[in-house]
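Novice: Below are the structure tokens for one structure; questions will follow.
The values are calculated or read from the model by the stated rules, or taken from the named source; none is laboratory data. Just so it is clear, the structure is predicted and the values come from calculations on it, not from any experiment. A quick note on method: Cβ atoms are made from the backbone with ideal geometry, for glycine too, and the neighbour counts reach across all protein chains shown. Only protein heavy atoms, including side chains, enter the accessible area calculation; ligands, DNA and RNA are left aside. Shrake-Rupley method; radii C 1.70, N 1.55, O 1.52, S 1.80 Å.
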Amino acid sequence: MKKFLFLIFTFFISKNIYADLPEMIISEEEISPGIALVFEAAIKDDVYPSAKFGSEKDSDIHIEVLANWNESAPSGAPLGGFVAYLDISVEITNQITSEMKSTKLLPHLNMSDNLHYALNIKLPGKREDIYMVKFIIEPPIGELGLHLDWREEVGDYLSQNYSFEYQNLDFTEIANSARR
């Protein structure tokens, strides 16, 4: 019985350690109107279809943005709900070589974060190099209708233009990790 309990305990501990394996929170921000953003670098993953979302084997990291309504959101917005239709892109610059990669983040669905914006990406340089990451958030253009009540309470937009830049990021641990 002790051996069985030990095995169960070990399974849950290793599963929890695996679930917690590294996910790098780059920053948390809030933008108007009541949108909470979490910028992350996670372990690359198998995302279908890989031709569109980046091949796990050809990537270094899974760069992502969680965009959810918070307590400051307009009336009717579901607290914690995914904010759709944002146009989010990322620029990753190698601070050693100045090589840069820019790409648009696309909506993803998984069991832990649910809907979020992300992409598997190959870093523009060595995994051990230091990087600057700039996240650019833009409103949808011509893709989203805005009812009169929204326009009266919030304005003629889902969000304004924002950019957030973070320097001296070391992705070595994330890039050298594997999910399986």
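Novice: When you scan segment 142-154, do you find a residue that is farther than 12 Å from ASP60 by Cβ and in contact with a Ser or Thr (Cβ under 6 Å, 6 or more places away or on another chain), even just one?
Specialist: no
Novice: Output the residue which, of all residues in segment 167-180 that are of a type outside the set (Lys, Arg) and open to solvent by 30 Å² or more (accessible area, probe 1.4 Å), is modelled with the lowest pLDDT.
Specialist: ALA178
Novice: Tell me the strands (runs of 3 or more DSSP E) entirely within segment 1-106 that contain at least 1 residues that are open to solvent by 60 Å² or more (accessible area, probe 1.4 Å) and modelled with pLDDT of 95 or more.
Specialist: Hits in segment 1-106: 23-31.
Novice: Filter segment 124-147 down to the residues that are open to solvent by 100 Å² or more (accessible area, probe 1.4 Å) and modelled with pLDDT of 95 or more, then identify the one that is farthest from GLU91 (Cα to Cα).
Specialist: Out of the qualifying residues, it is HIS147.
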